[in-house]
1. Say the dipole of the chain comes from +1 at the beta carbon of Lys and Arg and -1 at that of Asp and Glu; which of Ser78, Gly218, Thr116 then lies farthest toward its positive end?
2. Please give the net charge around Tyr148, taking every other residue with its beta carbon less than 12 angstrom from that of Tyr148, where Lys and Arg add +1 and Asp and Glu add -1.
3. Could you list Asp170, Asp51 in order of exposure, starting from the residue whose Cβ has the fewest other Cβ atoms within 10 Å?
4. Roughly how many debye, to the nearest 20, is the charge dipole of the chain about its Cα centre, given +1 on each Lys and Arg Cβ, -1 on each Asp and Glu Cβ, and no other charges?
5. Count the net charge of all other residues whose Cβ sits under 12 Å from the Cβ of Ala126, scoring Lys and Arg as +1 and Asp and Glu as -1.
6. Do the alpha carbons of any pairs in Lys31/Lys213; Lys141/Lys221; Lys47/Lys227; Lys141/Lys171; Lys171/Lys212 sit beyond 31 Å of each other, and which pairs?
7. Helix 2-36 against the longest principal axis of the chain: what's the angle in degrees, Cα atoms only, rounded to the nearest 10?
8. Run the numbers on the chain and let me know its relative contact order in percent, using alpha-carbon pairs under 8 Å that are six or more apart.
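Every read-out reported here was derived from the displayed coordinates using simple, explicitly stated rules and does not represent laboratory data. Keep in mind that what you see is a predicted model, and the values were worked out from it rather than measured. Every residue, glycine among them, receives a Cβ derived from its backbone with ideal geometry; neighbour counts consider all protein chains shown.
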Amino acid sequence: MKRIIKIIIAIIVLCLAILSPFIHNGYDMYKEALNETPIQEVVKSIKEKEDYANFSELPQTYINAVLAVEDRRFYIHSGVDVISIGRAIINDIKTLSLAEGGSTITQQLCKNIFFTQEKRFERKIAEMFMAVRLEKELKSKEEIFELYVNTSYFGGGCYTVKEAARYYYDKELDELNDNECIMLAGIPNAPSVYAPDVNPELAKQRQMQVIKKMVQCGYLKEEEVEKILQE
């Protein structure tokens with residue numbers, strides 16, 4: 001047992017040594033972004049958008065769908081989900097890529113408003129620092145969630161969920177049915193691929209992925225799925 005503990009400690013020390021430059025550069029990136037534009041200033045500018053949607057306006061099915069597919073532990077973590085990151089690291093090592101990031105909704109919000117979409121380790125580290133800071137500065141999880149859905153790209157030139165509802169369905173948020181809510185929840189992952197007006201079949205496949213996640217999380221029952229798909 002002592003030998004195993006020593007091996008584990010050695011692996012941790014080695015990983016920290018390898019990651020040290022990335023952590024340092026990521027922290028510098030975080031501080032630079034924070035100094036350039038304070039969080040409250042960014043939040044204020046987002047909330048001044050003409051099509052900004054408050055959390056109270058969002059359909060519950062849409063909220064559940066986003067949580068299920070993007071961040072099922074959203075209300076538990078403090079900006080960074082260690083479990084998701086660990087799983088993502090394992091999968092990325094298996095595939096020798098950065099295909100999976102394990103990002104929380106808070107991290108994705110940070111990427112949307114402070115950083116680029118470029119896949120770099122330094123940016124991922126900067127995201128983590130910023131996510132923890134964001135969770136401390138903002139009023140609630142609901143505020144973080146609504147900022148996220150008002151800064152995500154949905155395709156078709158839409159950067160808020162309210163714009164997306166009007167663009168794809170010619171509806172206001174409170175007019176959306178469950179089928180439409182779930183479809184919208186799946187688009188930001190890859191708008192150029194999953195936008196229903198671009199790739200209807202792939203959009204439908206993505207919607208089924210979201211539905212499967214919702215069932216796994218307990219937001220939907222199996223018997224409800226068929227009714228939703230027929231809407």
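1. It is Ser78.
2. Once positives and negatives cancel, what remains is -3.
3. Ordered by Cβ neighbours within 10 Å, fewest first: Asp170, Asp51.
4. Values: 29 positive and 35 negative charges, 311 e Å.
So the dipole magnitude of the chain works out to roughly 1500 debye.
5. Combined, the nearby Lys, Arg, Asp and Glu give +1.
6. Table pairs above 31 Å Cα-Cα are Lys31/Lys213; Lys47/Lys227.
7. With rounding to tens, the tilt is 60 degrees.
8. After rounding, I find 23 percent.
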